[in-house]
Amino acid sequence: MKAKYTGQCLCGAIRYTVDVEPLFSGNCHCRDCQRASGSAFTPAMIFPASSVLISGEARFFESAADSGNSHQRGFCPQCGSQLFASFGSLPGMLGIKAGTLDDTSRYVPQLDFHVASAAAWEVMNPALPKKPGAANS
Ligand SMILES: [Zn+2]
Ligand SMILES: [Zn+2]
């Protein structure tokens with residue numbers, strides 16, 4: 001009975017609680033994640049959306065993924081922190097960005113994906129499996 005993942009944005013206007021284990025945890029190295037985060041990759045956890053309790057209201061920015069599916073990134077309108085993602089290809093699921101966890105050690109990535117577009121200055125964990133493209137490719 002460990003579950004209970006909690007986290008928040010930088011200013012605290014948005015908080016979340018999840019009481020189940022993630023269905024997937026992995027690092028996305030795509031260009032969109034690099035631009036949106038300003039960093040090398042997005043550490044993503046995927047949960048059933050119905051199991052995520054959110055207080056405060058995120059705004060979502062929609063873009064098209066390489067696959068053509070829509071991808072929505074949820075951020076705090078007050079401080080700009082990115083917390084959430086939803087995917088046209090994964091209805092009913094919600095992504096949470098692991099940097100927003102209260103206890104970041106709870107994030108255990110299983111996979112590096114979109115590594116073909118990884119930044120030249122990034123150093124990845126060699127122990128993790130790598131996929132050049134999408135996680136499900
Ligand atoms: Zn905020
Ligand atoms: Zn990505």
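The values are calculated or read from the model by the stated rules, or taken from the named source; none is laboratory data. Note that the structure is a prediction, hence the values are computed from the model and not measured. Every residue, glycine among them, receives a Cβ derived from its backbone with ideal geometry; neighbour counts consider all protein chains shown. Side chains are part of the model used for accessible areas, which takes the heavy atoms of the whole protein and leaves out ligands, DNA and RNA. Shrake-Rupley method; radii C 1.70, N 1.55, O 1.52, S 1.80 Å.
Quick rundown of the values:
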| item | result |
| --- | --- |
| Of the criteria (1) within 11 Å of the chain's Cα centre (by Cα); (2) hydrophobic (A, V, I, L, M, F, W, C); (3) open to solvent by less than 60 Å² (accessible area, probe 1.4 Å), which one residue 41 fails | (3) |
| Selection status of residue 90, out of contact with any Gly (no Cβ under 6 Å at 6 or more places or on another chain), more than 16 Å from ligand 1 (Cβ to nearest atom) and either modelled with pLDDT of 95 or more or assigned to a helix (DSSP H, G or I) (or both) | no |
| Residue check, residue 65 within 24 Å of residue 128 (Cα to Cα), open to solvent by 30 Å² or more (accessible area, probe 1.4 Å) and of a type in the set (A, V, I, L, M) | yes |
| Segment 100-119 residues that are within 16 Å of ligand 1 (Cβ to nearest atom) and open to solvent by 40 Å² or more (accessible area, probe 1.4 Å), paired with ones that are at pLDDT 95 or above and not charged (D, E, K, R) (beta carbon under 8 Å, 6 or more apart) | 102/6; 102/7; 102/8 |
| Top-ranked residue of segment 85-99 - restricted to ones that are surrounded by fewer than 22 Cβ atoms within 10 Å (Cβ to Cβ) and of a type outside the set (A, V, I, L, M), ranked as nearest to residue 17 (Cα to Cα) | 99 |
| Candidate set from segment 16-37 (those that are surrounded by fewer than 17 Cβ atoms within 10 Å (Cβ to Cβ) and either polar (S, T, N, Q) or within 16 Å of ligand 1 (Cβ to nearest atom) (or both)); member that is nearest to residue 131 (Cα to Cα) | 37 |
| Spans of strands (runs of 3 or more DSSP E) in segment 1-87 with at least 3 residues free of Cβ contacts under 8 Å to residues at least 40 places away in the same chain and away from ligand 2 (no atom under 11 Å from the Cβ) | 59-64, 70-75 |
